[in-house]
Amino acid sequence: MRGLRTDMPGFTFVTLELANAVPLVGATAGVPQDVYDHFVMCNQTVDGVDERLAVARKLVEVLEESRAFYIDARQNDISMMVDSMKSRAQRRKDRTVLLPFEKTLEYARQLADKAVKTRRQNAEQAEAEADPPASTDAPASTDAPSPSPSPAPSSV
């Protein structure tokens, strides 16, 4: 958060040092007891918040995974309903039963188009990885001289 200070490296050592020194010589050093008590309370509060944050982060993770699972399930349900509608319209040779479901059919086409596009991209990527482009690098030169071609036989 902007403008708020954060803990820096070594904070744990400072906390331990204050916990050991303030009760013994804090008053002599001029450390107000109410300020030290507030410091201790802040440490305890931060520890409690950190514990709750860990639980909250796990809950967020579980909620996001649950949400993704149920979104996938409802998309699958739409596909199954559309398949049933199309099948019934085809079997009964009556496309008019599809008219009330125009938006649903259009939505399902979007899903199918996206799936086709993804499969195509995955296939292209797999093909590119399987067939690396031919190397255009020249063969490495060696220190040895290359043999000179033998003279062509002359015809007499």
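The values are calculated or read from the model by the stated rules, or taken from the named source; none is laboratory data. Fair warning: this is a prediction, and the values are worked out from it, not measured in the lab. When we count neighbours, we look across all protein chains shown, and the Cβ atoms used for this are built from the backbone with ideal geometry, even at glycine.
Would you call M8 modelled with pLDDT under 95 and either out of contact with any helix residue (DSSP H, G or I) (no Cβ under 7 Å at 6 or more places or on another chain) or surrounded by 10 or more Cβ atoms within 10 Å (Cβ to Cβ) (or both)? Yes, satisfied. Under the condition of being among the β-branched types (V, I, T), more than 20 Å from R5 (Cβ to Cβ) and surrounded by 10 or more Cβ atoms within 10 Å (Cβ to Cβ), the residues counted in the range 16-54 number 2.
Criterion applied to D72, D47, D37 was being of a type outside the set (V, I, T) and within 30 Å of A112 (Cα to Cα), and the one residue passing it is D72. Please specify each residue of the range 2-33 satisfying the condition of being part of a loop (DSSP other than H, G, I, E, B) and charged (D, E, K, R). Hits for the range 2-33 are R2, R5, D7.
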